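The values are calculated or read from the model by the stated rules, or taken from the named source; none is laboratory data. Everything numeric here is computed off the predicted structure, so don't read it as measured data. A quick note on method: Cβ atoms are made from the backbone with ideal geometry, for glycine too, and the neighbour counts reach across all protein chains shown. Note: accessible area is taken over every heavy atom of the protein model, side chains too, but ligands, DNA and RNA are not part of it. Shrake-Rupley method; radii C 1.70, N 1.55, O 1.52, S 1.80 Å.
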Amino acid sequence: MSYDKKILAAARRELERDRAARGDELDARRKSVYERQPRIRAIDRELSTTAAAVLKTALESGGDPTAAIERLRDRNLGLQDERAALLREMNLPADYLTDRPLCEKCGDSGYVGGGALCECVKTRYARLLKEQLSAVLPIADQNFASFRMDYYSSRPDARLGLSPRENMENNLFLCREYAAKFGPASPNLLLHGSTGLGKTFLSTCIAEAVSERGFSVAYDTAINIVAAYETIKFGSGDGQAAAERAARYERADLLIIDDMGTEMGTAFTVSALYNLINNRLMAKRPMIVNTNLPPETLSEKYSPAVASRLLGEFMPLRFFGDDIRLMKKRM
């Protein structure tokens, strides 16, 4: 899994803010308790200073500090018992003033076992990824839980020998499996068929489920993707924003290219899409491509090199049936 540096930094900052907020809350608790029961303040002060004092005395005298340490231990245990009893008298738990980390595994450092990211950071990272994705995709409404099969006819197609519903049940199953098992070794998908048949919807379902597991997802239309590379190449707009978008297209764990075939068929367009697709294939970073074009016409729209990769390196999922958008409009 490759991490988006900006989102990972945001997850770490969030952990720092949460840790600081908890520290502020603990300070406020101490202040309130000390005002109500000054003896607890005195106990805490003694607990924080006696250890250093005893060790210093033992070391300066050159003697064996064992006896002093045992006396210190007994004294500290007695102070802790007194402190707990005073807190209970105030109807507060004994650990009310104990400084405990939000995450026991990493102690709020964000790292465990030789510098590996802790699950607490990964959880924050996955949530921030999903929030970023929700800004460009309606994942709250378009997910596997909300997918409706009743839009697909159960009448068999005479040419294909199965109904749109049967075909869609198969596509839905494959997409669910794809999302559940997604990883660097996942295949590429080519979703093809006429408009309004659920290609973008199912892609969004996959994006939502994959991002939920902490994988980064870059989604955009082919028109916008080409526009970003045109801006970088010709300097016709915000170059920094375009470069950031292009970096996401190239580095995300999963790239979804929507509406491929609607962009202008120029030499630059073909070159830009070829380079993006080929580079991701070489890096073994999975992709999903949605297109209204029949597979047999891809070589007419694009170069043979692009068509060869789309037909040879992608698993095709065919969509057919009635336009769902028109059905909803009529309803």
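FRET efficiency for the pair Glu212 and Leu326, taken as 1/(1 + (r/R0)^6) with r the Cβ-Cβ distance and R0 = 41 Å, rounds to 0.85. Computed from the C-beta positions of Arg88 and Arg12 and an R0 of 30 Å, the FRET efficiency is 0.20 to the nearest 0.05.
Within the chain, the cysteines lacking any other cysteine Cβ closer than 4.7 Å to their own Cβ are Cys175, Cys205.
Rolling a 1.4 angstrom probe over the protein heavy atoms, how many square angstrom per residue are accessible across the range 149-219?
Ligands and nucleic acids excluded, the result is 43 Å² per residue.
The share of Cα pairs per 10 Å bin across the range 122-262, counted from zero up to the longest distance, runs 11, 37, 32, 15, 5, 0 percent.
Treating the angle as unsigned and between 0 and 90°, give the value, to the nearest 10°, between the Cα long axis of helix 66-89 and the longest Cα principal axis of the chain. So the inclination is approximately 70 degrees.
Quick check of the Kirkwood formula: for the range 248-305, what is the inverse mean of 1/r over all pairs of different Cα atoms, in Å?
12.0
Length gained on full extension, Thr123 to Glu177, computed as 0.36 nm times the residue gap minus the Cα-Cα distance: 17.2 nm. Kindly state, to the nearest 0.05, the FRET efficiency for Arg29 paired with Asn76, given R0 = 30 Å and r defined as their beta-carbon distance. About 0.90, to the nearest 0.05. Take every Cα pair under 8 Å whose residues are at least 6 apart in sequence, average their separation, divide by the length of the chain, and the relative contact order is 19 percent. How far is helix 222-234 tilted, in degrees, relative to the longest principal axis of the Cα atoms in the chain, given as a value from 0 to 90 rounded to the nearest 10? Helix 222-234 sits at roughly 80 degrees to that axis.
With the simple model of a label 7 Å out from the Cα in the direction of the Cβ, Ala247 to Asn224 spans 1.8 nm. Compared with the dominant Cα axis of the chain, that is its longest principal axis, helix 5-36 is turned about 30°. With the full set of protein chains in place, find how many percent of the accessible area of the chain is carbon and sulfur; take the probe as 1.4 Å. Using a 1.4 Å probe with all protein chains present, the chain comes out at 52 percent carbon and sulfur. Measuring against 32 Å, Cα to Cα, the residue pairs Lys5/Lys329; Lys5/Lys31; Lys122/Lys328; Lys199/Lys284; Lys6/Lys301; Lys6/Lys31 contain Lys5/Lys329; Lys5/Lys31; Lys122/Lys328; Lys6/Lys301; Lys6/Lys31 as the ones spanning a longer distance. Our compactness index for the range 151-220, the C-alpha radius of gyration over the empirical 2.2 N^0.38 Å, is 1.24.
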